[in-house]
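The values are calculated or read from the model by the stated rules, or taken from the named source; none is laboratory data. What you see is a predicted model, and the numbers here were worked out from it, not measured in a lab. No Cβ is skipped: glycine too gets one built from the backbone with ideal geometry, and neighbour counts run over all protein chains shown. Each accessible area value is taken on the protein alone, full model and side chains, heavy atoms only, with ligands, DNA and RNA left out. Shrake-Rupley method; radii C 1.70, N 1.55, O 1.52, S 1.80 Å.
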Amino acid sequence: MTQTIAPRVRSLVLLLLAVAAALLADAAPASAHAALTSSDPRQGAVVDQAPEQISLTFSETVALSDDALRVLDPKGGRADTGEARGTGATYTVKLRPGLPDGTYTVSYQVVSADSHPVAGAFTFSIGAPSATTVSVPEATAGGGAVGFLYGVGRYASYAGFIVLVGGAAFLLACWPRGTGVRAVQRLVVSGWVALTAATLGLLLLRGSYTTSGKAGDVFDLELLGQVLQTKTGAALVSRLLLLAAAALFVAVLFGAYAKRIEGDEGAPDEDGDAGGVGEGGDEAGKEARDLAFGLAVGGVVVAAGLAASWAMAEHASTGIQPGIAMPVDVLHLLAVAAWLGGLAALLVALHRAPAGTPLEATAVRRFSQLAFGSVLVLVVTGLYQSWRQVGSWSALTGTRYGQLLCLKAGLVVLLVGIAWISRRWTGRLTDTVTAGAEREKERVASGAGATADADGGTAVTGAGDGDGGTADTGEDDGVDPERAAQLARQRAAVDAARQKRLRDADPTRNGLRRSVLAEAGVAVVLLAVTTLLTSTEPGRTEEEAKAATAASAQTSATGAVTLDMPFDTGGQDGKGVVRIDLDPARTGANALHVYVTRPNGRAFDVPEVKVAFTLESQDIGPLPVVPDHITTGHWSANGVQIPMAGEWKIAVTVRTSDIDQVTVDKNTQIG
């Protein structure tokens, strides 16, 4: 039975991995988790004179690497000074003086707060549009072969974490005797190897993934040094350190602990009767209990640390309520590992457990209870995460993230349905191996003389002689050691084959195998969709970015002007961004609004804000304006008079203390 199922298992796994690879291959170009919401000059704008600088504002906090914001002239030459500055969501780069008329290209490449690369480009013109030879290179951050490999690495790291943590939890909480089963040992160790290899790969690929996208930059040590200084780099290094502790955990689990379980009289006996760790009450049992407690505490700490290496560097660390979202994400990942990783260990145990160490019905029931608790945790944490990342019905149905989330929810429902079937099989599960072993003991005790292979194999003499000695070989009273060893091996093989046939003949156990195999297949696809979700812009962020872009476009259409200017007074709490809204930005009376925010986008008050307008070409100004304080971080003035059209310089003076102030300015067309 197992021989016929094994090829099906391998075929199903290969098919599901192919599906997962197809999903991951489509994930690379959709890695942007921040969006460009406004720029000065705006996309497609035609300005009379060259601005002093280019300003870009994103939907969330981003990080800018060296030479990541470039302005190219119509011939492809650099038009900027290369000194990009800014904080939070707004960055600027100064332009070279004396730029000629023509169309200029602004290209940017940043990393969003949740570690994903964002790249793009737009054009504006000075004087009048012109032909341009500039083309944005195809090898961009998050795409190409490097992007594909990075996606595969993310999938492998999630899979390794689930198998490592879930497999170890299954052994400790459900089947302690399984720590001595080689097949399950290989499964857990393979999870550690996959997670370690994937983490190292992600660390090497990270620099190229967020910058050039070129495979040749993977081994650039300077780029690797820059990665180590980022939040994601620190998370990957922390994960490697925790994996060293996990290696020690695995060594103790399959070494000292497995030996204690084997020597514990309170552990399940040869008949398969389930017993708790150390129920025998002897010294070995006490040592096993103490070691199990230490492994449980240490394992939870290491597993939570590994889960936190994702939570602190990705979606949960940004957006609303990060202080709640990160612990919730850790719980979510641990619940996923306990369920799906335990499921993988159960599948291996059902198919590969040796006859001498059968999987007891008690162990399956324990896992059923563990999986049920994990599902409850997943439902609660998943609902919170869905609300946080989506936030609205339109984002759920109208964004790629929302659609993938619906697909994931459907797969979870399907998985829970199959798990319910498995739970029914578990309720009817009986250990036929135990019953068969008991019958065999009774038969041997009654004095049966020979044990024959049911398939017509070699007969093994099993009765003792009259003196209670070793079985006679039929040649003389002496015993040939080589022949005795051969008979012992035959006897063990026949006994193992009999127990295997008894186990495989149990229709309940076969039904459980099929349902668990189906669960594992759905789980592989679910993991692929989850990996794809982590590299897709959240629905809430996408909706907010669209709204901000639409608002910016509407403002531009009505003639209003919005300018963002980062400032730094040099004192305590001296950094922030001041936004100027001038409506309708025409000659005559205008409404002026001033907003002051911290680098993280939160509004805050400063002691004083002053605005001045200067038309340098006509030697007009500065025309001072002192706006009134309306609410936290908001000042306003009505009836601001602009006497004539032209390129006006708007200067804003921000004072954050009695001695700390700074003046920032921008040029804009009014009228």
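Here are some notes:
- Where Val301, Val529, Val152 fall by accessible area, highest first, once all protein chains stay in place (1.4 Å): Val301, Val152, Val529
- Legend: calculated FRET efficiency, Val380 to Val626, from the Cβ-Cβ distance at R0 = 41 Å, rounded to 0.05, equals 0.20.
- Accessible area of Glu608 in the full protein assembly, 1.4 Å probe (Å², nearest 10): 60 Å²
- Subtracting the Cα-Cα distance of Arg182 and Ala296 from 0.36 nm times their residue separation leaves 38.9 nm of extension gain.
- Once the Cα-Cα distance is subtracted from the 0.36 nm per residue extended length, the Leu200 to Asp568 segment shows a gain of 128.6 nm.
- Accessible area ranking (1.4 Å probe, heavy atoms, ligands and nucleic acids excluded), largest first, for Ser190, Ser125: Ser190, Ser125.
- For Glu360, the solvent-accessible surface with a 1.4 Å probe is about 10 Å², rounded to the nearest 10.
- Each Cα pair under 8 Å and six or more residues apart adds its separation to the average, and for segment 324-381 the resulting relative contact order is 61 percent.
- Over segment 41-117, the alpha carbon radius of gyration divided by the compact-protein estimate 2.2 N^0.38 Å works out to 1.11.
- Tyr209 - accessible surface, heavy atoms, 1.4 Å probe, Å² rounded to 10: 10 Å²
- Here is the P(r) of segment 607-671: all C-alpha pair distances, binned every 5 Å from 0, give 4, 16, 25, 24, 16, 10, 4, 1 in whole percents.
- R0 of 51 Å, Cβ-Cβ distance Arg365-Lys575: FRET efficiency to nearest 0.05: 0.30
- Taking 20 °C and 1.002 mPa s as conditions, segment 121-233 diffuses translationally at an estimated 126 µm²/s according to Stokes-Einstein applied to its Kirkwood radius (Cα pairs).
- Remark: accessible surface ordering of Ile320, Ile630 (largest first) is Ile630, Ile320, probe radius 1.4 Å.
- Nitroxide proxy distance, nm - points 7 Å out along Cα→Cβ at Ala637 and Arg483: 11.4 nm
- Label-point gap, in nm, between Ile324 and Ser617 - each point 7 angstrom along Cα→Cβ: 5.3 nm
- Around Ala128: net Lys/Arg minus Asp/Glu count, Cβ-Cβ under 11 Å: -2
- Rounded to 0.05, the FRET efficiency of the Thr663 and Ala63 pair, given R0 = 22 Å and the Cβ-Cβ distance, is 0.25.
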